[in-house]
Structure formats: structure tokens, C-alpha cells
1. Cα axis of helix 160-176 to longest principal axis of the chain: angle in degrees, 0 to 90, nearest 10?
2. Which order, highest average first, do 169-176, 195-202 follow once you tally other Cβ atoms within 10 Å for each residue and take the mean per peptide?
3. Looking at the stretch 139-241, what % of the alpha carbon pairs are farther apart than 22 Å?
4. Report ³J(HN,Hα) in whole Hz for each residue of the stretch 59-66, in order, from the Karplus equation J = 6.51 cos²θ - 1.76 cosθ + 1.60 where θ = phi - 60°; Gly and Pro get x.
5. Take Y130, Y86 and order them by how many other Cβ atoms sit within 10 Å, fewest up front.
6. Could you sort out which of K11/K150; K11/K219; K11/K114 sit more than 30 Å apart by Cα distance in this structure?
7. Could you check what % of the DSSP bridge pairs in the chain are antiparallel, to the nearest 5?
8. Could you give the length gained on full extension between V152 and D108, defined as 0.36 nm per residue of separation minus the Cα-Cα distance, in nm?
Amino acid sequence: MNSIHLDLQGKTARVLFQGLPQARQKPAIRLLTPAGPVATARVTNGVSAKLDPFKVTAAELIAADPELALAAAGEVLDVDSLSAAYYDPASPSAEPVSDFKQIDIVYDAAGAEKERRPHINRKTNLDDLYPIKIGKRLPLAQGLTDFVFKQVYQLIHEDGVTKDFLFGIAKELHEKQELALLGSGPKGNLPLVVRDKGTPYRAFLFGEIGVGEDDGKYKLLLLLTDQELKRPAPAPNSAAV
């Protein structure tokens with residue numbers, strides 16, 4: 001379980017967050033055979049990585065088996081010892097390439113390429129020295145329709161102090177029907193990075209409190225997005241007037 005360092009008008013607290021619980025728990029399934037329980041393992045499939053499936057012909061498949069690499073078939077893979085490797089598809093031999101640069105391509109609302117910039121390996125910043133600042137608000141309906149939320153986490157408390165802190169935030173957002181924008185860094189204007197080498201996200205807090213039998217309960221969700229819904233600019237009318 002991870003923690004996040006929050007700041008609200010000078011009041012700070014480190015609280016825990018986790019993925020949303022499943023509405024229905026999946027049943028525990030055990031696969032058994034007369035020889036004992038069945039376990040999964042990753043193995044090589046024996047398919048040749050050098051073969052281009054779009055270029056192979058039926059005659060080649062009939063004459064031989066170019067798609068098979070049986071020497072390595074069934075080899076057990078140790079997942080912890082594996083790392084990513086990049087290959088040049090135009091190279092005659094499949095050798096790992098090391099002298100390359102990763103770039104991020106940014107597209108505009110119309111899908112046209114807007115910018116290319118070097119890829120940055122970011123570190124998580126949720127529990128840094130500088131707390132995550134809870135900043136300006138926007139109407140709930142606007143926030144839920146203007147952004148595509150990729151991940152959702154639930155903030156939870158460990159004691160009465162952190163419960164009062166989180167409940168107060170959820171109550172204010174619930175009563176005003178607002179989302180709160182979050183920001184990292186010294187000025188609180190930077191995106192949030194949940195995990196090392198992860199994607200930077202614009203983040204919001206959504207709050208809801210219980211009524212009736214659920215009085216005293218609250219829900220405070222961390223909403224993460226890296227995509228804003230915008231209408232593309234109307235194309236100029238090329239027809240002659």
C-alpha cells in the first residue's frame with residue numbers, strides 16, 4: 001500500500017491510498033491433477049523472431065517450417081532476470097541496439113503531430129519533502145466530462161486524525177459538488193507521478209459522504225488523467241463564396 005503527502009491550506013498529512021476494491025470478489029480457483037496442483041510458468045513458445053509473418057509465403061511454409069525455432073522451445077523464463085531489449089527491424093541480424101534515444105510524440109486535438117521531445121524517466125513524487133498541494137476547484141460536472149481518467153485510487157485513513165482530515169476534504173467537495181486539482185513540487189503546479197518511470201498525470205480529488213445509515217462514512221478518490229477532451233478547431237471553409 002502506498003502513501004501520499006497532502007497539503008490543504010497549510011495542514012499536511014501522510015495518508016495511504018490503494019486501488020478500488022472489487023464490487024464482487026473473484027472466487028478462489030485451484031487447478032488440480034492426480035499429480036498435484038497446477039502452477040503457471042512462462043516459457044518460450046518456439047516461434048522464430050526473425051520471421052516476418054507478413055512476408056512469408058505459402059510455398060515456404062509447405063517446403064519447411066521457417067516459423068519454428070525448436071532449439072529454444074519450452075525454455076523456462078526467469079521473469080526477474082529479464083529486461084527490455086530493442087532491435088532494428090531493418091538490420092539483417094537480430095542484435096540488440098543500444099545507441100538510440102526515446103522520444104515522446106505529442107499530438108493535438110485533431111490528431112496531428114504537435115511536438116517531439118526527449119523522454120524523461122520520472123521518479124514518483126507522491127510522498128516527497130514537498131507535499132501534494134490541494135489547489136483550485138472546478139465544477140464536478142465539468143471535470144467528469146472534460147477529462148479521460150486513466151486510473152482511480154481510494155485514499156484511506158489509519159487513525160482518527162487522518163480520518164478527520166480526509167473526511168473534511170470529502171465533505172467540502174461533496175457539498176459544493178466540486179473536484180479539487182492537485183499539484184506537486186515546491187509551487188504545487190507540477191503533475192503527479194505514481195510510480196518510478198511512470199506517466200505524469202494531472203490529478204483531481206473527488207469526495208462523497210454518506211447519508212442516513214451511512215452517516216459518518218466518506219469516500220475520497222484520487223482521479224488521474226493525461227488526456228483532456230477538446231473539440232478540434234473547425235476546418236476553414238475552402239468553398240468559394
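A short reminder: the numbers here are calculations on the coordinates, not readings from a lab. Everything quoted here is computed from the prediction, not taken from an experiment. Because the Cβ atoms are built from the backbone with ideal geometry, glycine has one as well, and the counts that use them run over all protein chains shown.
1. Value to nearest ten degrees: 90.
2. Top of the packing list down: 169-176, 195-202.
3. Details: 2303 of 5253 pairs.
When every Cα pair of the stretch 139-241 is considered, 44 percent fall beyond 22 Å.
4. Values per residue, Gly and Pro as x: 4, 5, 5, 6, 6, 7, 10, x Hz.
5. If I rank by nearby Cβ atoms, fewest first, I get Y86, Y130.
6. K11/K114
7. 95 percent
8. Between V152 and D108, full extension yields 13.3 nm more.
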